[in-house]
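See structure below.
The values are calculated or read from the model by the stated rules, or taken from the named source; none is laboratory data. Treat the numbers as computed from the prediction; the structure is a model and nothing was measured. Cβ coordinates were reconstructed from backbone atoms using ideal geometry, including for glycine residues, and neighbour counts include every protein chain displayed. When the accessible area is computed, the model is the full protein with side chains, heavy atoms only, and any ligands, DNA or RNA have been set aside. Shrake-Rupley method; radii C 1.70, N 1.55, O 1.52, S 1.80 Å.
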Amino acid sequence: AQKVTQAQTEISVVEKEDVTLDCVYETRDTTYYLFWYKQPPSGELVFLIRRNSFDEQNEISGRYSWNFQKSTSSFNFTITASQVVDSAVYFCALSEDTGKLIFGQGTTLQVKP
Amino acid sequence: DTGVSQNPRHKITKRGQNVTFRCDPISEHNRLYWYRQTLGQGPEFLTYFQNEAQLEKSRLLSDRFSAERPKGSFSTLEIQRTEQGDSAMYLCASSKQGKKLFFGSGTQLSVL
């Protein structure tokens with residue numbers, strides 16, 4: 001069965017600190033996709049990134065970066081120089097080709113000024 | 001893209017009543033998904049459609065739940081004889097061939 005674990009329930013940092021959100025997944029599929037979504041207080045899930053299982057290159061987008069390591073089944077997300085606007089719940093998710101997402105429990109990030 | 005639209009935004013109902021939610025996906029997205037999210041948890045998959053065909057249903061979707069997507073455009077999710085345990089945020093998402101999923105703002109259901 002597929003499973004996503006986000007062990008960090010809540011993280012609190014001070015603005016400008018770097019923060020890493022952990023994500024560990026389980027699947028028997030050889031082809032799968034990993035996602036990160038942000039859910040601000042407004043409630044709407046905002047897509048951040050999608051990676052397929054064959055692409056282990058790390059990715060950077062502005063202050064965001066993702067580290068995909070198949071050997072440890074992890075897909076961690078780092079925010080550099082965090083800002084108050086980054087405060088939200090962040091979800092890691094796994095899917096097969098259908099697009100059906102299996103979400104982790106989420107990590108609540110609080111960035112204090 | 002106008003985004004995924006869900007109505008109503010909030011619904012308060014009494015136990016035992018039926019409720020129906022609507023989701024309008026992004027046009028030309030052939031896949032539509034329903035998820036349920038309770039406080040402090042990640043969204044849980046309920047069901048999905050490819051065009052008008054309902055291809056998969058979660059075991060979470062009891063007999064009181066039914067979803068339709070006539071003509072492969074908008075979708076409705078109906079809950080019959082609501083129970084307090086049905087209180088949750090119901091999220092709809094759409095995608096092109098299961099790639100990036102775009103989510104709506106959700107319908108918050110409160111069953112009193």
> With charges set only on the Cβ (+1 for Lys and Arg, -1 for Asp and Glu), what does the dipole of chain A come to about its Cα centre, in debye to the nearest 20?
Replying inline: 80 debye
> When the accessible area of the stretch B:13-92 is split by element with a 1.4 Å probe, what percent falls to carbon and sulfur?
Replying inline: 42 percent
> What lysines could a cross-link reach from B:Lys11, if we take a straight Cα to Cα line under 19 Å and drop same-chain neighbours fewer than 8 places away?
Replying inline: none
>> Checking an interface number: how much accessible area is buried between B and A, summed over both chains, with a 1.4 Å probe, in Å² rounded to 100?
In response: 1600 Å²
> At a 1.4 Å probe, which residues in the stretch A:41-59 are at least 30 Å² less accessible with all protein chains present than in their chain isolated?
Replying inline: A:Glu44, A:Leu45, A:Phe47, A:Arg50
> Expressed as a fraction of 2.2 N^0.38 Å, the rule-of-thumb size for a compact globular protein of N residues, what is the C-alpha radius of gyration of chain B?
Replying inline: 0.99
> Once the piece of chain linking B:Lys71 and B:Thr13 is laid out straight, how much longer is it, given 0.36 nm per residue of separation minus the C-alpha distance between them?
Replying inline: 18.0 nm
> What FRET efficiency comes out for the pair B:Arg64/A:Asp97, r = Cβ-Cβ distance, R0 = 35 Å, nearest 0.05?
Replying inline: 0.70
> Can you pull the Rg over Rh of the stretch A:31-113, Cα-only, Kirkwood?
Replying inline: 0.97
> How high is the FRET efficiency between A:Ser53 and B:Gln84 when r is their beta carbon distance and R₀ equals 41 Å, given to the nearest 0.05?
Replying inline: 0.55
>> In whole percent, and with a 1.4 Å probe on the protein chains, what portion of the accessible area of the stretch A:28-82 is carbon and sulfur?
In response: 45 percent
> Pick from A:Gln83, A:Gln57, A:Gln39: which is most flexible by mean-square fluctuation in a GNM of chain A where alpha carbon atoms under 10 Å apart are linked?
Replying inline: A:Gln57
>> Quick check: pseudo-label points 7 Å beyond the Cα along Cα→Cβ at A:Gln2 and A:Val46, how many nm apart are they?
In response: 2.5 nm
>> Please compute the per residue accessible area over chain A with all protein chains in place, 1.4 Å probe, rounded to a whole number of Å².
In response: 49 Å²
>> Relative contact order of chain B, please, whole-number percent, based on alpha carbon pairs below 8 angstrom and at least 6 residues apart.
In response: 37 percent
>> Need the C-alpha centroid separation for the stretch A:73-107 versus the stretch B:24-65, integer Å.
In response: 20 Å
>> Which one, B:Ala67, B:Trp34, B:Ser110, projects farthest toward the positive side of the charge dipole computed for chain B from Cβ point charges (K/R +1, D/E -1)?
In response: B:Ser110
>> Given a 1.4 Å probe, show me the residues in the stretch A:65-113 buried by at least 50 Å² of accessible surface when comparing the whole protein assembly to the chain alone.
In response: A:Thr98, A:Lys100, A:Phe103, A:Gln105
> For chain B, with only Lys/Arg (+1) and Asp/Glu (-1) charged at the beta-carbon, what is the dipole magnitude about the Cα centre, in debye rounded to 20?
Replying inline: 120 debye
> When chain B is treated as a GNM, springs tying every alpha-carbon pair under 10 Å, which of B:Gln80, B:Gln17, B:Gln41 comes out with the largest mean-square fluctuation?
Replying inline: B:Gln41
